[in-house]
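The values are calculated or read from the model by the stated rules, or taken from the named source; none is laboratory data. All of these numbers come straight from a predicted model, not from anything done at the bench. Cβ coordinates were reconstructed from backbone atoms using ideal geometry, including for glycine residues, and neighbour counts include every protein chain displayed. Quick note on the areas: whole protein, heavy atoms, side chains included, nothing else; ligands and nucleic acids left out. Shrake-Rupley method; radii C 1.70, N 1.55, O 1.52, S 1.80 Å.
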Amino acid sequence: MNRFEYLRPATAADAVAAAAQPGAAYLAAGTNLLDLMKGGIARPDTLVDITRLPGLDTVETLPDGSTRIGALVRNARLAHDAGFARRYPAVAEALLSGASPQLRNAATAGGNLLQRTRCTYFYDTASACNKRQPGSGCDALHGDNRLHAVLGWSERCIATHPSDFCVPLAALDAVVETHGPAGPREIPLEAFHLLPGDAPERETVLQPGELILAVRLPPQAAEFAAHSRYLKVRERTSYAFAVASAAAALRMEGDRVAEARIALGGVALKPWRAREAEALLAGQKPDAALFRRAADAALADARPSAPANAFKIELARRIVARALTLAAAGTPNRIPALPASPFAHQTGGAHHA
Amino acid sequence: MPELKLNQAPAHVRHGSNMGQPLTRRDGVLKVTGAAPYAADSKVEGLLHAVLAVSTIARGRVTHLDVAAAKAHPGVVDVMTPENRPALAEDPDAKTNPFMFRLDLLQNDRVRYPNQPIAVVIADTLEAATEGAALLAPRYETEPARAGLDTEGRFSPNTVGVGNPAEASHGDVEAGLAGAAKRVEATYETPAQYHNAMEPHAIVAHFEGDRLTVDTPSQGLAMAQGRLAGLFGMDPKNILVRSPFLGGGFGSKGFIAGPQILGVLAAKLTGRPVKLVLRREHMYGPVGHRAPTRQTLRLATDGDGALQALHHHTLTASSTFDDFFEPASDIAHTLYASPAIRTSHEAVRVDSGTPLFMRAPGEATGSIALESAIDEMAEACGMDPLEFRLKNYAEIEPLSGKPFSSKALRECYRQGAERFGWSKRSLAPRQMRDADGLLVGYGMGTATFPALMFQANAKAIIKRDGTGVVESGTHDMGQGAWTAFAQVAADSLGLDIEQIEYRAGRSDLPDAGIAGGSAHTATAGTAIHRAGAAVIAKLAALATENPDSPLYGAGNAGVIAREGRLHRRDDESRSETFAAILDRAGLDQIEESGAAATDPAAAGAYAMHAHGAVFAEVKVDPDFGQIRATRLVGAFAAGRIINPKLVRSQLFGGMIWGVSFALHEHAAVDHRTGRVMNPNLGEYHIPVNADVPALEAITVDEHDPHVNDLGVKGVGEIGITGSAGAVANAVWHATGVRVRNFPITLDQLIG
Ligand SMILES: Cc1cc2nc3c(=O)[nH]c(=O)nc-3n(C[C@H](O)[C@H](O)[C@H](O)COP(=O)(O)OP(=O)(O)OC[C@H]3O[C@@H](n4cnc5c(N)ncnc54)[C@H](O)[C@@H]3O)c2cc1C
Ligand code: SF4
């Protein structure tokens, strides 16, 4: 690991000033950043430790009914906040399906949004990677790419964004509150991460030094609480990133879907909102055929980035259809012991709000 | 179990009740409280930290290292490269016996595999050494990497595994295939796997004058000492290797590996004690791995489902510069009766580190292929897989024609099947579902592992206070060897376990050989048992030859050692304590040695193997293909069980590894570069808690008078065999899809 300056600013403004300098990086829990530094993938000159900044570690309900999650709220704390989990069960389920208990105890909300891809060529400094070293090429393109993107990728980069948390956040219209050198601003989560295009090294719309203060869920997000699920297919039962995943949330009126929200994970370099699929569901009576049509619509633009990942397209369709089915059946009273897993018992009580 | 008899002095028996008890491991509390010292915990005054720089290419030459930049980094003390590496007394490329593996000790600028050490940076702190290694920024002259089993240049190795013939046969396989009613031919692939012991290879090396002390995890202390002595031109007596605890070894710590020796070289170069701990990703190269295989099985049966021919062919890979050929086909020698059996091996050479023994080397890889093929053959015959295996039960070892020294496999099948509920299995696949609609499959596999003996020595001491000391340089890799050997030792002296001290884990104790081949308990245990016997005989002589002893004259009748006393065998009311005997003789202590090795007569007359039957239940999501092993029942017959609790843990560990083999583990090798792309435990998947099924390990009674004095067969490796195949067969039974490319991944089920 390179030698670096370590700063612990007392205010957000000081943090932003320090982190705006070239070569500086924010340090939250470090569960991603420190691994990258140990592997020589990230070599910041200055670490700006934000974990002692005041006021960023609370979950608040705002007067308009929004929920504001401070950037430093730990993943585990958020998921186990009973009030939060009741209002946004798919978010809690997604959080609990990620990483391991130890990691979730440490990992922060802001860090989760900004975690880097898990593309193994990105992590291997001996490989060419446009994201790590712009213009060097993409060794994943003809390499071990079984789990790479099927949506929104470019020849420059076929990686996926690994976050589970971001998937239901995207579905529920979350907004990211930031503070940058140019002052505060708000960015819809859906517009926060960038697709690779010609510049996969640009990962988000954040400006240098821009600090995430909070993630906000709008008042409407809670209206889906009774019919919200996250479903994550993995290569082992726990402690694995998604091969593909989906968040599905329905606002039911009688036996009809008034409004649907769908987002996919593990398929693109950002959480993938499926608006066409949502539109198909509005006003309809839920059934298997409808959900399958929605799933087809969600993946309509998908194409494999390599033959090895072609299977993910049909897999993702099936995940969307199942997630919708589970959501329609009702949010369970308790988050299953194996959150978001196909092996979570599907039978058992549902909660009707 | 019959009472243990003394071999050397059959007049005397010892009576102990320690063996067979489910004692809790003695190291458990130390480990969970952090008090157990592992090699890297060793603290020496003035310690420096060494970090490897490793090659990123698979093949070529290092043309430049920025040594100046590394040295300029604050805290860096020195950089060891081929230019300044201290001289060795022996060429690291020399190979005078098959157990001597060529090492990469900076002997030149050549690169022959990814992650080969190319320099060592030594610094005041670990951080400085790590950054120094990064600053070396090597440049290379790169040649194309040769990777994968499709590499050119297939050849037939002379031997496979540990000197086994690469080809073996009996009967005419081609004729058997030609004339058969039913035939199956299938090819299975197993990937490269890495041992990934929790504890990385680590060493703290410390020269004091002409003496060298190293703390390093070792499964073979005396061999490590000998290897160091050869390389450094030292008298082995001047080298002390300490390894009280290993955080797992699985074969990768059987021989001292290159990186550990580089730690010693760094100490020599700097004249200061040095600690070198491998980074996880550095373990994917210089410390061995399980080689990949492509196995083709050809089987044929008559109309009744009796095997007529079995051909097991393996293509594997070794490194370009040394020989280890995964003996995967050899499993077919023992398991199923067939009038014609042939096993054969081919290999290619790839730019990887040299493969090595990895828990059940050959058996694990061979088992998953053979058990899958047997399942396919049973299916072709329309038979239940258990019925098919019973139909083809080997009453004698098929290839050698030798009788088995013992074989309670039929009982394993019976008990395992009953406990598992095998009879509820549908014959056809994809018939069973659970309440949630998940596909349910049942599969089985036969487990087998040879009952081996290597060589070991032990010393037993009886002290004047009536307590005992037993010494043998045995290795506790986490299997609980300390505890099991202490049990054997206590019984060998007729003492309670609290009355003895058992010393192990150092090279200055009697050479206990190697903890490998599932033979450590059998071999070192026998040596301990014999050392105890010998010292009891000596004690008995002191008593029976002394007129003042109540045992005087009992020489012919013999004595029984029990609870610290010798009793006259024909009159147990006459007895004397150990302490009284030594007291009268005016001796502070008496000691004797014991040794154990293969008994050539028994090995010539009998086929000696442990056996087992493993039954697996898996669930598969019908849409996603995501798989979960939900239940595993294994029944194993492995001779005498010294400690049922430890044995169960070993069997569980093996069974979980079987799940891992079937469903998770693989090194993702990029065939363009030969690099392993998942060299960390985040991406190199092994089962996590949620993947570990409900486990049950039954030990079936088996009395084996031939394997060794104790009647012990090993249990360290057998658990993997059978289990991996059982899981794979269960996946087929759940889904109707036969995946032959391991591990079984969901894309192969739904793709
Ligand atoms: C083995 C392993 C398995 C994992 N599995 C999963 C999984 O299954 N699903 C999943 O979703 N995640 C998984 N994770 C990722 C984990 O969720 C992230 O590492 C974690 O959320 C990052 O949070 P952190 O606080 O540690 O961030 P850090 O590592 O401290 O920071 C990450 C990045 O965000 C930046 N940053 C942090 N906070 C802010 C802020 N407030 N403003 C601006 N920039 C900021 C940092 O500069 C850095 O670039 C896994 C991680 C590991 C190591
Ligand atoms: S897919 Fe993206 S992250 Fe992976 S190697 Fe290519 S450019 Fe780098």
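Annotations for the structure displayed:
- Extended-chain gain in nm, criterion 0.36 nm per residue less alpha-carbon gap, residue B:24 and residue B:93: 20.4 nm
- Rounded, prolate or oblate (a/c below 1.5 giving rounded, otherwise prolate when a/b exceeds b/c) for segment A:143-250 by Cα gyration tensor: oblate
- For segment B:313-369 versus segment B:204-243, the gap between their alpha-carbon centres in whole angstrom: 32
- Per-residue HN-Hα couplings for segment B:117-130 [Karplus 6.51, -1.76, 1.60; θ = phi - 60°; Hz; x = Gly/Pro]: x, 10, 6, 10, 9, 10, 8, 5, 10, 4, 5, 5, 5, 5
- Potential lengthening between residue B:681 and residue B:35 on full extension [0.36 nm per residue; Cα-Cα distance subtracted]: 230.1 nm
- Accessible area buried by the pairing of B and A, both sides summed with a 1.4 Å probe, works out to roughly 3300 Å².
- Kirkwood Rh in Å, taken over all unlike Cα pairs in segment B:390-479: 18.9
- Each residue, residue A:279 and residue A:133, gets one label point 7 Å from its Cα in the Cβ direction; the gap between the two is 4.4 nm.
- Overall Cα dimensions of the protein assembly as shown, principal axis frame, Å, largest first: 102, 75, 60
- Where chain A is the region considered: accessible area per residue in Å², 1.4 Å probe: 38
- Alpha carbon convex hull of chain B, volume per residue in cubic angstrom: 163
- Measuring nothing but protein heavy atoms, the accessible surface of the protein assembly as shown at 1.4 Å probe radius is 50 percent carbon and sulfur.
- Residues in segment A:95-134 that, when all protein chains are in place, have 10 Å² or more less accessible area than the chain alone would give (probe 1.4 Å): A:118, A:120, A:121, A:124, A:126
- Residues within the reach of a label modelled at residue A:329 (point 7 angstrom out along Cα to beta-carbon, backbone nitrogen below 15 Å), restricted to segment B:401-445, are B:434-439.
- Principal axis extents of the C-alpha atoms in segment B:563-683 (largest first, rounded to whole Å): 78, 37, 36.
- Mean Cβ neighbour count within 10 Å, used as a protection proxy, ranking B:546-553, B:491-498, A:13-20 highest first: B:491-498, A:13-20, B:546-553
- Beta-bridge orientation, chain B: approximately 75 percent antiparallel, per DSSP, counting only bridges with both partners inside.
- Per-peptide average of other Cβ atoms within 10 Å, ordering B:60-70, B:122-132, A:130-140 highest first: B:122-132, A:130-140, B:60-70
- Highest average first, the peptides B:227-239, B:462-474 ordered by how many other beta carbon atoms sit within 10 Å of their residues are B:462-474, B:227-239.
- Å² of accessible area per residue within chain B, as computed with a 1.4 Å probe and no ligands counted: 34
- Residues whose placed amide H lies under 5 Å from that of residue B:181, excluding near-sequence neighbours: B:301, B:302, B:303
- Net length gained if the chain between residue B:410 and residue B:431 were fully extended (0.36 nm per residue, minus Cα distance): 4.8 nm
- Calculated log₁₀ intensity ratio I(q)/I(0) where the Debye formula runs over C-alpha points of segment A:226-329, q = 0.15 Å⁻¹: -0.55
- Pairs from B:95/B:268; B:95/B:275; B:424/B:619; A:312/B:619; B:182/B:391; B:253/B:459 whose Cα-Cα separation, in the structure shown, is over 18 Å: B:95/B:268; B:95/B:275; A:312/B:619; B:253/B:459
- Binned Cα-Cα distance frequencies in chain A - 10 Å width, integer %: 6, 26, 35, 24, 9, 1, 0
- Calculated over segment A:1-54, the projected area of the Cα convex hull averaged across directions stands at 3.3 nm².
- Among beta bridges that DSSP assigns inside chain A, antiparallel share in %, nearest 5: 85
- For segment B:203-217, 3J(HN,Hα) computed residue by residue from phi via the Karplus equation (6.51, -1.76, 1.60; θ = phi - 60°) reads 8, 10, 10, 8, 8, 10, x, 9, 10, 10, 10, 10, 9, 7, x Hz, glycine and proline entered as x.
- Buried on assembly, segment A:282-311 (at least 50 Å² less accessible surface than by itself, 1.4 Å probe): A:311
- Listed by chain and number, the lysines whose alpha-carbon sits under 28 Å from that of residue B:463, ignoring those within fewer than 8 places in the same chain, are B:5, B:237, B:538.
- Taking a straight line from the alpha carbon of residue B:31, these aspartates and glutamates sit under 17 Å away, with near neighbours fewer than eight places off in the same chain left out: B:41, B:199, B:476.
- Counting Cβ atoms of other protein chains within 10 Å of each Cβ in B:617-629 and taking the mean gives 5.
- The lysines whose alpha-carbon is closer than 19 Å to the alpha-carbon of residue B:402, local same-chain residues fewer than 8 away aside, are B:713.
- Taking amide H as placed 1.01 Å from N in the peptide plane, the amide H of residue B:517 sits under 5 Å from none that are at least 5 places away or on another chain.
- Computed over chain A with a Gaussian network model linking Cα atoms closer than 10 Å, the most mobile of A:268, A:279, A:260 is A:279.
- Estimated distance in nm for a label pair at residue A:13 and residue B:208, the labels positioned 7 Å out from Cα along Cα-to-Cβ: 6.2
- Between helix A:288-298 and chain A: long-axis angle, C-alpha atoms, 0 to 90°, nearest 10: 30
- Anisotropy class assigned to segment B:97-215 is prolate, per the alpha carbon gyration tensor with a/c at or over the 1.5 cut-off and a/b larger than b/c.
- Computed from backbone phi, the HN-Hα couplings of segment A:80-96 come to 8, 6, 4, x, 5, 4, 5, 7, 10, x, 5, 5, 4, 5, 4, 4, 6 Hz, rounded to whole numbers (Karplus: 6.51 cos²θ - 1.76 cosθ + 1.60, θ = phi - 60°; Gly and Pro given as x).
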